[in-house]
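No value in this document is a laboratory result; all are computed from the given coordinates. All values derive from a computational prediction rather than experimental measurement. Glycine also receives a Cβ, built like all others from the backbone with ideal geometry; neighbour counts cover every protein chain displayed.
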Amino acid sequence: MTDIIRMTAAELAAKLTEGEISSVEATQAHLDRIAAVDGDVNAYLHVNDAAVETARGIDERRASGEELPPLAGVPLAIKDVLVTTDMPSTSGSKILEGFMSPYDATVVARARAAGLVPLGKTNMDEFAMGSSTEHSAYGPTRNPWDLDRIPGGSGGGSAAAVAAFEAPLALGSDTGGSIRQPAHVTGTVGIKPTYGAVSRYGSIALASSLDQVGPVTRTVFDAGLLQDIIAGHDVHDATSIDREWPSMARAAIEGAAGEGLKGLKIGVVKELPDSGFQPGVADSFHQSLAKLEAQGAEIVEISAPHFEYAVAAYYLILPAEASSNLAKFDSVRFGMRVEVPGGTVEDVMSATRDAGFGPEVKRRIILGTYALSAGYYDAYYGSAQKVRTLIQRDFASAFADVDVIATPTAPTTAFKLGEKIDDPLAMYLNDLTTIPANLAGVPGISVPSGLSADDGLPVGVQFLAPAHEDARLYRVGAALEHLLVDDWGGPLLDRAPALNGGAR
Ligand code: GLN
């Protein structure tokens, strides 16, 4: 039998249903893997000591003849931005060290109801600010492909856990690329659903108009299975979309069977020329497009003239919203409190926020409060919102001509730890291709497209679709995955030297 930890969630689920393995075995195998490699990878901030107990409960229900949901008994890693009642939720920050939530995030509640077994909470940049997981207050996560490199961010922990076989599935959150960019640099699949498709209730807010929770997996089909569980209307989230969604898992099956490729119009953005990407990234992108073209897709050049302003607009809108969302960490209501003998309430708040927040969080609070201040509001925040509208119009006019848009997911492969940490602007520019989707609320997927010829590291291709058309992404993503995995003779992760044959 294939090693349990190497099975996809769908394969595991099938073995569980057939009774070939138990959830306790599946869960224990992942806990063993975590014990063996996580000292190096640091994907987890907290490992669930009740995981085996939960798994046993699922096994008992199955043994008693109960009909269980499709992924029941499959272990799941959860980004620490999502609150959980039985494990601490820190969002990667010191200010929330040890914080226990009185309720579960809706996505966590839905995952539990579907019988998924929480393995633990994954590492992330503090409050999801970053592209490398180096801004975590609990030390960086390392890329399982090369431990000297970043796993992407902010959800580097979820992506690294899935890539290193420390979890078959994970939940992430994506405000400007934090699911898709880590997927790109770790050879995994990441999806940011349509804004409002998945509840944000219990997702510790970074920027409320941009945040979206979504799946991090090894296959497009697994992501579809997970999105089918977590998506859908939630009365606790005022921006949650009230509609029935088609099955994303079904869309992935159709895509893998080659349905929908003939005549599919794929837009390539003329304002994102190859010169903006590492050569190996651009090459991999073009090879992917050629594959799809050979199956009957049509590649069409489109123009999105305002994409080049997306990073600038995002880094005004995001800090503005974040500075307001983070105001609640006031030393009174949540988490840490630094006592100041003889000090005023303000002294305590200020000492707590000074000690509790890391440098990137402080930088963004300063940026955000400045952008929102009287006298500057129109010049900065107001202008950024106008640019946001222009980007939404770019998408609308592009989607009048094409079904999906394709871009490389990020400009480069995984960079070295420490390489960009002292250069915020270089870090921000990483999100060039992922940010437009958040500003417009449209869904995006990153699917592994191969290894870069320049450095042998994984590369992802991103597809974007109109809002509500997530299923289209699953179809095209699964189609490409199917074609590429055939070429590779197996999953991309099988080709990572560091991942095969042990801890490194
Ligand atoms: N890297 C981006 C940022 O630093 C995106 C983060 C995210 O998606 N949470 O804001």
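From helices alone, the chain scores -12000 deg cm²/dmol at 222 nm; the rule is -39500 (n - 2.57) for each run of n ≥ 4 DSSP H residues, then divide by the residue total.
Taking amide hydrogens as placed 1.01 Å from N in the peptide plane, the amide H of residue 80 sits under 5 Å from those of 122, each at least 5 positions away in sequence or on another chain. Taking 0.36 nm per residue of separation and subtracting the Cα-Cα distance, full extension of the segment from residue 340 to residue 286 would add 13.5 nm. 3J(HN,Hα) along segment 109-117, derived from phi through the Karplus expression 6.51 cos²θ - 1.76 cosθ + 1.60 where θ = phi - 60°, amounts to 4, 5, 5, 4, 4, 7, x, 5, 10 Hz, with x in place of Gly and Pro.
Of 121/192; 79/265; 79/328, which ones are farther than 26 Å apart at the Cα? Could the numbers behind the result be given before it?
Values: 121/192 19 Å; 79/265 34 Å; 79/328 21 Å.
With Cα atoms farther than 26 Å apart: 79/265.
Sorted fewest first by neighbouring Cβ atoms within 10 angstrom, 369, 8, 407, 344 come out as 344, 369, 8, 407. In this structure, the amide hydrogen of residue 269, modeled 1.01 Å from its nitrogen in the peptide plane, lies closer than 5 angstrom to those of 302, 406, counting only residues at least 5 positions away or on a different chain. A simple spin-label model places the labels of residue 295 and residue 308 3.4 nm from each other, with each point 7 Å out along Cα-to-Cβ.
Each residue of segment 174-183 was assigned a 3J(HN,Hα) from its phi angle through the Karplus curve 6.51 cos²θ - 1.76 cosθ + 1.60 (θ = phi - 60°); the sequence is 9, 9, x, x, 5, 9, 6, 5, x, 4 Hz, with glycine and proline shown as x.
With both residues required to sit in the chain, DSSP beta bridges show an antiparallel share near 65%. Between segment 313-346 and segment 422-469, the C-alpha centres lie 30 angstrom from each other. Set the Förster radius R0 to 60 Å, insert the Cβ-Cβ distance between residue 487 and residue 363 as r into 1/(1 + (r/R0)^6), and round the FRET efficiency to 0.05. That pair, residue 487 with residue 363, gives E of 0.85. Rounded to the nearest 0.05, what FRET efficiency is calculated for residue 494 and residue 257 with R0 set to 30 Å and r the Cβ-Cβ distance? The computed FRET efficiency comes out at 0.85.
Each Cα pair under 8 Å and six or more residues apart adds its separation to the average, and for segment 398-504 the resulting relative contact order is 27 percent. Ranked by how many other Cβ atoms sit within 10 Å of their own Cβ, fewest first, the residues 373, 452 fall in the order 373, 452. Taken along the Cα-to-beta-carbon direction at a fixed 7 Å, the label points for residue 61 and residue 379 span 5.8 nm.
Here 470, 403, 80 are placed in order of increasing Cβ neighbour count within 10 Å, fewest first, which gives 403, 470, 80. For residue 449, the residues 5 or more places off, or on other chains, whose built amide H falls under 5 Å of its own are 459, 460, 461.
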